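One structure is given below, encoded as structure tokens.
Please treat every number below as a calculation from the coordinates, not as lab data. Computed from a prediction, not measured in an experiment: that's the story for all the values here. Don't worry about glycine lacking a Cβ; one is built from the backbone with ideal geometry, like all the others, and counts go over all protein chains shown.
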């Protein structure tokens, strides 16, 4: 086995570990919702190739107000769905769209675009 | 009768009044022109007074109704009241907790609406009112924004106003009782701007427009990438091109350098979404289709560029570029996206059809003048004129006139409903015979039709449980494909044939490109969207993907008897004459109906209706007397008459003879017989019964043919229940079930291990509907049944149950096809791309073939979902 081949095999192992770590095991940054005057937990989310922020932490039993702004024209992200709360909204490009609901139970709930290419997570404490 | 002129207080006769005005459902009469003029200036200040006394003694006080929301009124109303009382000039506060409205009487000279609103808001409530968006043409100067805002805010009744220069729209919260759109428009015109209807209020059109725009953009990107691809392909396969094959390696390399530059704009423009999308995803520690395309094309470009810049560091024969892969793959995937978008547009046609039911304009009467307004401008409280043959534009209550209205599109009732003053009318229904005026109660997104559209849209965007499997898979899919691509490279490089580097690179790029998470992600939502839309077209409102999925596996359908199998309304079925009767059957019915007309018993109406259907005249009734638990007695045409049950006849010692036998056989048929005696002699029997809907038996037969067990549940006695069951072909009957036990009975059926659907008319069956795996509410699309059930059958027929199950089966089959197709595509495509077939058959995929396969696999999924649009139920909708 030649030196380049050994080098490639070792790189392969390293890359595998790196991919698995980066996409699955590394902890993700979380954004805690700010509580507004009216008592709702508010977060503004930008939709562009993904949701920014994409991991949102809120408290159970309080209304959550998520304002989405879609800054791209790709039809993929034109809808956002919260299947666990039966909430969804169309996101016209450049417009602020607000979704409001109250999560009652603690847990992790996913949100995503219609076909699931863009994903985010709502963590209810 | 005289009434008072509301302005001067003079007593006048309505017939001889100088003029008449209608304002918000009240009619006012005036003695003279000056009084009318004064009224017209501000009709609202004369409201809130009794229509009969007319005169308002406290003219300086203004009264306003504010819709408040945001918190439960019950607990916080005292807080709210004290905040308002603290304001000078507020004299009376009434809080209507259930309606969520606040009534304030205030002195307009001391306090204004804006201060009332801010006081309400300070307690944490929000003030409702109407929200409207008004477009403003050519709004360019930012400083004018503030002027327009101030002008709008100073208009009476405006709660808040914001102007957005980016969207060229003003958003105004206002109280429609206090101002009209025309006044708001006037405020904008004051500053020299031209108002227009806001564009963002028509979501469907807007989305369509956005789609058309996006489609054009994608096609432009495609054509550019395709044009570049042709050039790049020619240089890549130079061996086959006459002039190029004679060139030296150095000039070829120069030519390749030129194609390297050509592919740059393809990546930067045509493929820009992939690269930016991949980067955003990467920042979020996630990976998707964009990541795969970016890695594949990026790797091919970088390798190619290195190969032509530093050919010496590569082994012999491996320094040829792959720019063709870059441009062709991008062109194909972009084309795939464009085709997918076009196909998606077709899937949402159901919503367009529903919205098409709505009228476009309304003839609104404001200040005594008729005007045709676009439906978006109609406000709550407007009075609208509807002529025969026209559509009712929005929901409301009739204030003048009467007519028959065809409501079949929303309630499924095929007979036009007769409507008179005080009756509700629903938007999108068709006025048949008469003209009427109605006051609007719900407009815009609150109308019954809008609610239905919203419900269908929500359901279309909901998730079927089966989609979660696909979701879980696609969550791990992309990183797994990346790891597979890495190892494909490693293995080909380590043990593959020469030139190893080329093989390793081509196979790993092919793996990245052929893998298609999109097909997996699209499989369920596309079919769900078409399927639920198809259901809506046939009058079946499916609330969620979950309901749709469960309906497929239904094994038992439980039918409520009254109102579901039967019409739910008793009808006259038989008139029987005894041998010694002194009258014929029509005459007996006439006498009985005349008596029952006075009675308030629910069965009495059936007899009256029966007599009316036969065009019998009613006669005068004397000495009417209701005997509780027995029946009634009265005098008609000089005869004493008794109508009632067996107990009544026994009490009055009336010999029934053969009538008793006949009444038993009527009862066996599920009918309710009533004995009639004239002058102490048995004269006959009138029987009424809740009759079976014409198509119930047919629908039940089809359900049974589909392999579904049909069970009837009812609170009625067993004899009646079984009579009905025999008629419609149901063998299993749960009779004498108390309303509260219905849910329990459903539970018992579920305990047999079966999936149970319950069909009921919505309100009284709510617990049973909720207990069942799938609850189907039969009835109107306008009432609360929608909330209680998983599926609402707008058309009152049981055939809807069949269609609902058919829709569910067709949609779920379609979803399975899509999912299986998508799984197989990836499960076969990825190993082949890795070169699994190479050792045996020498088969390797070109990355370009992989790009085409990937692009068209998602188009196939959408296309297959669109096949559902051809779904035809067994029972046609019309």
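One table, with the values for the structure above:
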quantity: FRET efficiency, residue B:717 to residue A:98 (Cβ-Cβ, R0 51 Å, nearest 0.05); calculated: 0.40
quantity: Approximate shape of region B:570-716 as ellipsoid semi-axes (Cα gyration tensor, √5λ), whole Å, largest first; calculated: 32, 17, 14
quantity: Cβ neighbours within 10 Å from other chains - mean over B:285-291; calculated: 6
quantity: Long-range tail of P(r) for chain B (Cα pairs > 57 Å, %); calculated: 33 percent
quantity: Between 0 and 90°, nearest 10: helix B:249-265 axis offset from chain B longest Cα axis; calculated: 20 degrees
quantity: Sorted largest first, extent of region B:459-505 alpha carbons per principal axis (Å); calculated: 55, 14, 12
quantity: Shape category assigned to the protein assembly as shown from the gyration tensor of Cα positions, a/c cut at 1.5; calculated: oblate
quantity: Estimated FRET transfer efficiency (residue A:36, residue B:849; beta-carbon r; R0 51 Å; 0.05); calculated: 0.40
quantity: Dimensionless Rg ratio for region B:431-556, taking C-alpha atoms and the 2.2 N^0.38 Å reference; calculated: 1.83
quantity: Nearest 10 degrees, 0 to 90: helix B:203-236 Cα axis against chain B principal axis; calculated: 20 degrees
quantity: Per-selection Kirkwood Rh - region A:59-106 (Cα, Å, 1 d.p.); calculated: 11.6 Å
quantity: Convex hull (Cα only) mean projected area of region B:716-756, reported in nm² to one decimal; calculated: 3.1 nm²
quantity: Nearest-ten-degree value, helix A:3-20 long axis tilted from longest Cα axis of chain A; calculated: 20 degrees
quantity: Three-way shape call for region B:678-747 based on the alpha-carbon gyration tensor, with the a/c threshold at 1.5; calculated: oblate
quantity: Debye intensity ratio I(q)/I(0), log10, region A:18-107, q values 0.14, 0.16, 0.20, 0.24 Å⁻¹ (C-alpha model); calculated: -0.57, -0.72, -1.03, -1.25
quantity: Relative contact order for chain B, counting Cα pairs under 8 Å that sit 6 or more residues apart, in percent; calculated: 10 percent
quantity: DSSP bridge pairs, chain A: antiparallel proportion in percent, nearest 5; calculated: 60 percent
quantity: Size descriptor, Kirkwood hydrodynamic radius, that averages inverse alpha-carbon separations across region B:379-487, Å; calculated: 16.8 Å
quantity: Region B:230-314: translational diffusion in µm²/s, Stokes-Einstein, Kirkwood Rh over Cα pairs, 4 °C, 1.567 mPa s; calculated: 90 µm²/s
quantity: Theoretical FRET efficiency, 1/(1+(r/R0)^6), r = Cβ-Cβ of residue B:312 and residue B:241, R0 22 Å, to 0.05; calculated: 0.25
quantity: Inter-chain Cβ neighbour average for residues A:106-119, partner chain, 10 Å; calculated: 6
quantity: Interatomic Cα distance distribution for region B:784-878, bins of 5 angstrom, percent; calculated: 2, 11, 15, 14, 12, 11, 9, 7, 6, 5, 5, 2, 1, 0
quantity: Residue-span extension gain [residue B:40 to residue B:468] - 0.36 nm each, minus C-alpha spacing; calculated: 147.9 nm
quantity: Per-peptide average of other Cβ atoms within 10 Å, ordering B:587-598, B:822-833 highest first; calculated: B:587-598, B:822-833
quantity: log10 of Debye I(q)/I(0), alpha-carbon scatterers only, for region A:16-64 at 0.13, 0.20, 0.21 Å⁻¹; calculated: -0.44, -0.77, -0.81
quantity: Alpha-carbon radius of gyration plus Dmax, which is the widest Cα pair, for region B:615-685 in Å; calculated: 12.6, 35
quantity: Euclidean distance between Cα centres, region A:68-98 to region A:5-27, Å; calculated: 34 Å
quantity: Residue-averaged beta-carbon neighbours from other chains (10 angstrom radius) around B:482-493; calculated: 5
quantity: Extension gain from residue B:33 to residue B:254, taking 0.36 nm per residue of separation minus the Cα-Cα distance; calculated: 70.2 nm
